[in-house]
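Enquirer: A single structure is presented below for examination.
The values are calculated or read from the model by the stated rules, or taken from the named source; none is laboratory data. Bear in mind that the values here come from a model prediction, so they are computed numbers and not experimental data. For neighbour counting, all protein chains shown are included, and Cβ atoms are generated from backbone atoms with ideal geometry for every residue, glycine included. To get the accessible areas, we keep the full protein, side chains included, count just its heavy atoms, and leave off ligands, DNA and RNA. Shrake-Rupley method; radii C 1.70, N 1.55, O 1.52, S 1.80 Å.
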Amino acid sequence: MLCTLSCKRHDVLKDEKEGVFDLPASLQAHDAGEKYGKGALLLTRFSSFEEFKKVVQVRYADDLATAANTKQALPEVQLTYASDGKEVTSILRSGISQTDFLKAKGGGLVDKIMLVIKCPYAILNKKELTSIESLGRRRPEIFGKGDNAFYDLAAMMVQHITDEDLLSMTCEDLGEKGYLNSFNHITAQAFMTSIYSAKMADFVADVHELYNMPELITGKFTPEQLSDFLNGPTDNYVDMLNNEWGQDLGIVLREEFNINSQAHWTPQLLANYLNEIQRYFSWAFQIGFNPCRSSDEIIIQFSNKLNTVLGT
């Protein structure tokens, strides 16, 4: 059972076989996309937090309490975004963050006991969370020289964008906070969901976001946070919504490729999986991609890492 203090997804109990979207029929997107895309969001499409709030409904505890005619609950933020006839909602509540894990890891017995009390879910799923951490970080001292992580898969997909589409992109789109950031969040969340569950992926995402900026759940941002557009609330809220789309994508791909925590990842399976993610990006952002191939060095290396980390 997920710890009561952790952040919960609004539909975490829904049948995970029901994806929010249907994957498009071809690799290349044909319809002209709207400015903000379909589903997945790109930070560089916004110029301010105020513009973001014109596209995404942002509500905090006071707003939610007023709408429901109830007493004010604990701090939380609820983001709702409608795209292409579909709607996704992301909820972030008070809970543990990476700070609590760092205290437990580097602290004494009391810190470890406090983590158990605050969130038994994290302790019960320690093995899975450790595996996710290994896949999300480069660990050449463990997995050898040239070790890759989810971030590197995202960077590879940015490199796979066709030359024709690259020519029309801005430097911001191709920077750290452009396609790379969106690809990274969606890809990592898709893998976590396919291998484990949407609940596990959502837990990891929320722990990360609360660590980045605790003010996300209250909306009480400092002037400095609001002025730092590339690292402020808009950036984090875009990540939260992209995490939701990544989880839904992971549910679809888990069914399509029959993936679970015991699956053996061949280079061909990994290439096919990533090509489906690129197919979603092609539909969402109206851009084309060159395909991933089973013979690509990064594909071979990461498939080996997956099997090592998962014990398959």
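Enquirer: Do the alpha carbons of any pairs in LYS86/LYS118; LYS53/LYS199; LYS38/LYS126; LYS177/LYS220; LYS54/LYS199 sit beyond 25 Å of each other, and which pairs?
Expert: Flagged as over cut-off: LYS86/LYS118; LYS53/LYS199; LYS38/LYS126; LYS54/LYS199.
Enquirer: Sticking with this structure for a sec: Can you list residues from other chains, or at least 5 along the same chain, whose modelled amide H is less than 5 Å from the amide H of PHE289?
Expert: Excluding prolines and chain starts, which carry no amide H, the hits are THR162.
Enquirer: On a C-alpha basis, how far is the centre of the range 170-199 from the centre of the range 225-262 in Å? Whole number, if you could?
Expert: 6
Enquirer: Would you check the accessible area of THR170, probe 1.4 Å, heavy atoms only, in square angstrom rounded to 10?
Expert: 60
Enquirer: Something else about it: With the full set of protein chains in place, find how many percent of the accessible area of the range 217-280 is carbon and sulfur; take the probe as 1.4 Å.
Expert: Here carbon and sulfur together make up 51 percent of the probe-accessible area.
Enquirer: Let me ask something else. Could you pull the Rg and Dmax for the range 230-288, using just the Cα atoms, both in Å?
Expert: Values for the range 230-288 (Cα only, Rg and Dmax): 14.0, 39 Å.
Enquirer: Right, here's the next one. How are the C-alpha pair distances of the range 188-312 spread across 5 Å bins, as whole percents from the shortest bin up?
Expert: For the range 188-312, the binned pair fractions read 2, 10, 17, 18, 17, 14, 10, 7, 4, 1 percent.
Enquirer: Each label point is 7 Å from the Cα along the Cα-to-Cβ direction; what then is the distance between the points at GLN262 and GLU172, in nm?
Expert: 4.9
Enquirer: Right, something else. Please work out the average accessible area per residue across the range 180-312, using the 1.4 Å probe convention, and give it in Å².
Expert: Result: 33 Å² of accessible area for each residue.
Enquirer: For HIS208, HIS185, give the ranking by accessible area with the largest first, probe 1.4 Å.
Expert: Largest accessible area first, the list is HIS208, HIS185.
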